[in-house]
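S.K.: Quick one: the structure is below, and I'll ask about it shortly.
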Amino acid sequence: MRRVRLYDSLHREVRLFQPRFPPRVGMFVCGVTTYDDAHIGHGRFAVVFDVLARALRRWGYRVFYVQNVTNLDDKVIARAGETGDDPLERSARYFRAWREQMDALNVRSVDHYPFATDYLPEIVDQIRDLERAGFAYRAEDGSVYYEVARFPPYGQLSGQNVQALRPGARVELDRRKRSPEDFVLWKAATPGEPSWESPWGPGRPGWHIEDTAITGRLLGPQYDIHGGGIDLIFPHHEAEIAQAEGASGKSPLVEYWLHNGLVQMNGEKMSKSLGNVASLEAAIATAGAMPLRLYYLNAHYRSPLDFQPEASLREARESYERLRGPFARVTASLASASAGSELPDALAQHANSVVEQMDDLLADDLRSREALALLFQWARTVNELGELSGYSALALESLAAPFRWAEVTLGLFADVAGADAGALDAAVRVAIDARSRARARGDYGEADRIRDELARAEIHLEDGPSGTRWTYRPSSSDGS
RNA sequence: GCCGAGGUGGCAGAGUGGUGAAUGCGACGGACUGCAGAUCCGUUUCCUGGGGGUUCGAAUCCCUCCCUCGGCUCCA
């Protein structure tokens, strides 16, 4: 099994990845709160952790990947109240949109998307465990709080000093709490809002408890990987550690804490509360899902990533075409390949070496940017060969290998046609032959008419020294 | 104020002690084309925030200053 290294936010260093029970890997990622449209930042964490799961599976690990869905919280309720929606129906609607966007982005590695409200029994059980262990207390109104002072490691993940938090401007004064840093586990019901029965009376879960209740049930009291945006470290992930370790008595909850950097818009974090969001759905429509995926993977996952509304998407489309073009040509040639020449040994070996190097890069804390740099170089190598129809199927498979690696591991090229390319090629060739005859007799009007007509079907012709080549290049839906 | 991550060419973004500082986008020139496009070749005169130090050698290690971003109970 490949040597994998991952940066762990708790230990603050890159560590050799050793799951508790290899080859099995339990992986949990904080998902979305389904109260509004997802933005580009949400797409980033989804793609980054999709690649992690894909890569681990490629290397022989058996990954169970859970991504939760916060389908009920203060924001869902608040937004539903504004619009007159039923909160849970609103959530269901936005979750469907999220899944559609995930499908478009080729995010397929998530095994299970648990909803918070499907885990009420587990949530109640965990709060009772915390009560029994002395970490929780009941307030007069029926809410239950976590008493942070009872959990000395609190602050270890974020490096926060709990005492220093006290004067923090945003720590609200709440008379129900024994201490300002305490956080709510169970919120007493408010009339008109969804609520569930519990030993403490009707209410609903606090923000942090759903994750640890879900992971406790699905992944156990201790598991391997927990991922999420870097903005969740405090207080959310800190609270998760306090809850899970307090309730189970086992430490550590998680072996490897992974946090992705945030997408910034003109130098500032993209967030709904700042109002500077770019909709994920719109970006997919404008740039295409695969170029967007490339955009995410073209930076290291822990770095901040700047989003420039016009430039970023245009660049993503142009660079993606540079990769997709040669791969699509190899695939098309492969579909009709029979006998032909082989590659020089050095080139075939180079293909293997590129794949090996890309695996190594990804295994070193997901250096996707550098793996892509190699893939761009390989694209150039393939382009240098020119016409591909003279190569054998074996040779073409060698040429395809680095692209196929990216297809499987990075999840790119979901839009590159495969098996039916041969039939399409035969059909397009008929039109190309007719146009060639027109050009030969100097009838450029007819030649351009055929080319324009094919262009309307998004098939683009290119005349070169070795004849006419065609590519299928879908334009974006906005037509820009 | 406290905790954390950063400052690299026109832009995006790698590289964290040693061959010419990747890769992509953009721009310019050339080849190819009936024109176009794609592709290839070349150019973009050369960019590591300022200062100091360690070293034969620093973008990379140390010190210091400046600046940016994130967190400090809404957050991917």
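Coordinate-derived values only; no laboratory data. Just so we're clear, the structure is a prediction, and the values are computed from it rather than from any experiment. Cβ atoms come from the backbone with ideal geometry, glycine included; neighbour counts cover every protein chain shown.
S.K.: Enumerate the residues in the stretch A:193-208 having an amide nitrogen under 20 Å from the point lying 7 Å beyond the Cα of A:Arg132 toward its Cβ.
M.R.: It comes to A:198-201, nothing else.
S.K.: On full extension of the chain, what length is gained from A:Phe234 through A:Arg404, given 0.36 nm per residue of separation minus the C-alpha to C-alpha distance?
M.R.: 57.3 nm
S.K.: Counting other Cβ atoms within 10 Å of each Cβ, which trypsin sites (Lys or Arg not before Pro) in the stretch A:56-155 have at most 16 and sit in a DSSP loop?
M.R.: A:Arg108
S.K.: Which of rounded, prolate, oblate describes the stretch A:285-391, given a ≥ b ≥ c as roots of the alpha-carbon gyration tensor eigenvalues and a/c under 1.5 marking rounded, otherwise prolate only if a/b is larger than b/c?
M.R.: Oblate, because a/c is 1.5 or more while a/b does not exceed b/c.
S.K.: So between A:Gln308 and A:Ala149, what do we pick up on full extension, going 0.36 nm a residue minus the alpha carbon distance?
M.R.: 52.9 nm
S.K.: Let me ask you something else. Dipole size in debye (nearest 20) for chain A around its Cα centre, Lys and Arg Cβ +1, Asp and Glu Cβ -1?
M.R.: 600
S.K.: Would you please give the residues with an amide H less than 5 Å from that of A:Tyr7, counting only those at least 5 places away or on a separate chain, with H modeled from the backbone geometry?
M.R.: A:Arg15
S.K.: Another question, if that's okay. Calculate, for A:Ala427 and A:Glu370, the FRET efficiency according to 1/(1 + (r/R0)^6) with r their C-beta to C-beta distance and R0 30 Å; round to the nearest 0.05.
M.R.: 0.15
S.K.: May I pose another question? Just subtract the alpha-carbon distance of A:Met1 and A:Asn161 from 0.36 nm times their residue separation and send over the number in nm, one decimal.
M.R.: Here the segment from A:Met1 to A:Asn161 would lengthen by 53.6 nm.
S.K.: Sticking with this structure for a sec: What is the distance in Å between the Cα centroid of the stretch A:220-238 and that of the stretch A:373-411?
M.R.: Each part's Cα centre sits 38 Å from the other's.
S.K.: Students often forget the sequence filter, so: which lysines lie under 23 Å Cα-Cα from A:Lys269 once same-chain residues fewer than 8 apart are removed?
M.R.: Within reach: A:Lys75.
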